[in-house]
1. Could you tell me which of the residues 163, 122 is free of Cβ contacts under 8 Å to residues at least 24 places away in the same chain and in a helix (DSSP H, G or I)?
2. May I ask you to list the residues in the range 10-37 that are in contact (Cβ under 8 Å) with a residue 60 or more places away in the chain, surrounded by fewer than 22 Cβ atoms within 10 Å (Cβ to Cβ) and not in a helix (DSSP H, G or I)?
3. Answer yes if at least one residue in the range 125-141 is at pLDDT 95 or above, in a strand (DSSP E or B) and farther than 18 Å from residue 13 by Cβ, and no otherwise.
4. Any residue in the range 157-176 that is crowded, with 17+ Cβ neighbours inside 10 Å and over 24 Å from residue 268 (Cβ atoms)?
5. Residue check, residue 47 against (1) surrounded by fewer than 23 Cβ atoms within 10 Å (Cβ to Cβ); (2) part of a helix (DSSP H, G or I), all met but one. Which one?
């Protein structure tokens, strides 16, 4: 039985792309196409500047060298697609959107769809913290990660299995809570056993043959498909794994049996329409 992922958003979300390099740059442009005619706001976040080697495989040009990636992309895409695009040149933080404006008008009731296109556990940890932010109860996180010629896209909104209670509506065939990417794949938050002096970015990895020159485009396509399906109430998966070398693409269904096995909980714990859930009863 397929369940449609239906976030409990009471308003349109703000789409936040964290990381504007290899995958993030392609995702940002694709989002502008998907969101044509949509009032959904788009924010790009990346503290890095464009370097010369980025020109080989990322969405930048010679005149962009030395400028901030997020700013370059936001300004270019805003002109190209005729829409406002916000950006930040600071590292992503869980409280980045928790502030007041004007006459103390709080904007802490926002809904965020955070798209992580980062390649290190520290940055992912900051995004994971957003799932625990008490000001934003309805944040969702799509994470994209890849190796040489393979990668995965994961989506979720809860870091704790206990928060998944009554996530699935068996009558409506919908699900409004899923394990976050770091709960689905805990290794995302684990630093390498042998610390590296500096983690190479995607362009450097391609230049040294540590990464396929087409994997970032493939990952961006998967991310965009997840976003499109989520916003049009067609998403029935909580993960996808791709291997370009094997020509394989597999999806992880967003169903209670899969989530129960993954998180070590009982299926009844996840169902909203069962008669009894532990010590709690429904009539």
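The values are calculated or read from the model by the stated rules, or taken from the named source; none is laboratory data. Bear in mind that the values here come from a model prediction, so they are computed numbers and not experimental data. Here the Cβ is made from the backbone with ideal geometry for all residues, glycine too, and neighbour counts use every protein chain on show.
1. So the residue among 163, 122 that is free of Cβ contacts under 8 Å to residues at least 24 places away in the same chain and in a helix (DSSP H, G or I) is 163.
2. Matches in the range 10-37: 10, 11, 12, 13, 14.
3. no
4. No - not one qualifying residue is present in the range 157-176.
5. For residue 47, the exception is condition (2).
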